[in-house]
1. On a full-extension model of 0.36 nm per residue, what is the gain between Ala237 and Thr168, subtracting their alpha-carbon distance, rounded to one decimal in nm?
2. With each pseudo-label sitting 7 Å past Cα toward Cβ, what's the Ser155-Asp183 distance in nm, one decimal?
3. Classify the stretch 178-238 as rounded, prolate or oblate from the Cα gyration tensor: take a ≥ b ≥ c as the square roots of its eigenvalues, call it rounded if a/c is under 1.5, otherwise prolate when a/b beats b/c and oblate if not.
4. For a quick size check, give me the Cα extents of the stretch 98-160 along its three principal axes, largest first, whole Å.
5. Could you check the simple spin-label distance between Ser63 and Lys212, using points 7 Å along Cα→Cβ, in nm with one decimal?
6. Show Glu80, Glu151 ordered by accessible area, largest first, where the area counts protein heavy atoms only and the probe is 1.4 Å.
7. Could you please put Thr74, Thr113, Thr221 in sequence from largest to smallest accessible area, using a 1.4 Å probe?
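The values are calculated or read from the model by the stated rules, or taken from the named source; none is laboratory data. Not measured: the values here are computed from a predicted model. Cβ coordinates were reconstructed from backbone atoms using ideal geometry, including for glycine residues, and neighbour counts include every protein chain displayed. Remember, those area values only see protein heavy atoms, side chains included, never the ligands or the DNA or RNA. Shrake-Rupley method; radii C 1.70, N 1.55, O 1.52, S 1.80 Å.
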Amino acid sequence: MRKILLIIALFALVAFTACGGGNNDGIPNLPNLPTGSASGPTEPLNATVKGKIAFEGTPPAPSKKTVSDPGCMTTGVPNEEIVVSDGGLENVILFVSSGHEGKKFAEPSTTLTLDQMGCQYKPHALSIQVGQELKISNSDSTAHNIHAWTEVNPSFNEPQAHKGDVSTKKFPKEEMHFPIRCDVHNWMNAFVGVFAHPLHTVSKAGGAFEIKLPAGTYEITAVHEKLGTQKQMVTVAADGSSDLNFSFKG
Ligand SMILES: [Cu+2]
């Protein structure tokens, strides 16, 4: 009897460990939506939703992490958790979270890049389509490793020991969101969202963003790695443009 209880306890422990309980910042993963199931022609992305992610409050003073590795070619890297420029919040991932169901979209045809340069990931935040190529490279004269802390997609953890090392990855499932980290330099991380459609982007300088999409009414979700998630509805006509603004409190 004692042996059986021990086995049950072990199974429970394994199940608990395997579940994980979502991302460590409390943002749940998206459900795994089927991809490529819609039939007919692909949707023209002939409408635009654009706007600004405002940052409310006092932006944090830019802090720098002291770097001792000479291969980083820098003595300090900026903290990228909250990046504010011109009153706008950068590195917010924006995506269509409803309204796109049943629409068929073109397969991704471009390759995105994630470079390790100056012992930082560039870009810090990126959004990518399921099946789209991501070229991850090392531009530094030091050893990095690329460690994807996925929960839905297959994880990977590979050394990139030399300048010029390149690895190309694809993500088979939607996942919002996961970090890619370098275990050698513990401040290095990138923040990645994978979507089954091309209706997503990342806010840039000044918090500006633009998403190309088909005409329709959509729920747009905006996610920041530290400041949480917001959702808003927007309607846009074919060949038209609609403004949409968010505001995150620091
Ligand atoms: Cu590194």
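1. Answer, rounded to one decimal: 21.2 nm.
2. 0.9
3. The shape class here is prolate.
4. Reported extents, whole Å, longest axis first: 47, 23, 17.
5. 4.0
6. Result of the area sort, largest leading: Glu151, Glu80.
7. From most accessible down to least: Thr113, Thr74, Thr221.
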